[in-house]
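The values are calculated or read from the model by the stated rules, or taken from the named source; none is laboratory data. All of these numbers come straight from a predicted model, not from anything done at the bench. Here Cβ is always computed from backbone atoms with ideal geometry, including for glycine, and neighbour counts include all displayed protein chains. Just the protein is used for accessible areas: all its heavy atoms, side chains included, with ligands, DNA and RNA removed. Shrake-Rupley method; radii C 1.70, N 1.55, O 1.52, S 1.80 Å.
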Amino acid sequence: MLEVVRLIAEEAGKEILKIYQLENFRIQTKSDNTPLTQADKASHNIILSALSKLAPEIPILSEEGEKFKLDANTYWCVDPLDGTKEFIKRNGEFTVNIALIRNYVPVLGVIHIPVKNKSFVAMKGRGAEKICNNQHHSLPKQNKSINHPAVFAVSRSH
């Protein structure tokens, strides 16, 4: 399933890049005062359609989807275009993110960087890989426990 989800993210990334290369693209403002582009919507529609076909029994929680009460312990968590402000600034710092959550724990995840055609994939029990130009590179596992506070990365915009 991991490979299929990666291909879904890459397909969404291709559609994002088509819009990214346009001279002008539509930008709206969501109710929380954040931007929403036609690329966000296009990516969302591709991912929603593909995941619904892949696993119709699994609900999809997407940043651009309809709001609903999530009462399932297994669901897809999707950000179809993470970094919309960076997309608008045209600095290339945006991703497509898809994760499968089971019992509140991510068990499968894909982060795709469209402008670099690079993906990072991981699956519980299998480890993680970086995939660039169809070359798969295993990422090292953390062998020791982490005894320090977590470090989070943020975008230039916030």
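Being under 20 Å from GLU10 (Cβ atoms) and hydrophobic (A, V, I, L, M, F, W, C) is the filter here, so list the residues in region 26-57 that pass it. First the steps, then the outcome.
Step one: of region 26-57, the residues under 20 Å from GLU10 (Cβ atoms) are 37-55.
Matches in region 26-57: ALA39, ALA42, ILE46, ILE47, LEU48, ALA50, LEU51, LEU54, ALA55.
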Residues in region 117-158 that are modelled with pLDDT of 95 or more and among the basic types (Lys, Arg): how many? 1
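For region 62-145, list the strands (runs of 3 or more DSSP E) that sit wholly inside it and hold at least 1 residues that are open to solvent by 80 Å² or more (accessible area, probe 1.4 Å), out of contact with any strand residue (DSSP E or B) (no Cβ under 7 Å at 6 or more places or on another chain) and more than 17 Å from ALA50 (Cα to Cα); which are they?
On the way: elements: 74-82, 95-102, 105-113, 118-123, 127-132, 135-138.
Output list reads 135-138.
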Identify all residues within region 3-44 that are surrounded by 15 or more Cβ atoms within 10 Å (Cβ to Cβ), out of contact with any Pro (no Cβ under 7 Å at 6 or more places or on another chain), assigned to a helix (DSSP H, G or I) and not charged (D, E, K, R); write none if there are none. VAL5, ILE8, ALA9, ILE19, TYR20, GLN38, ALA39, ALA42
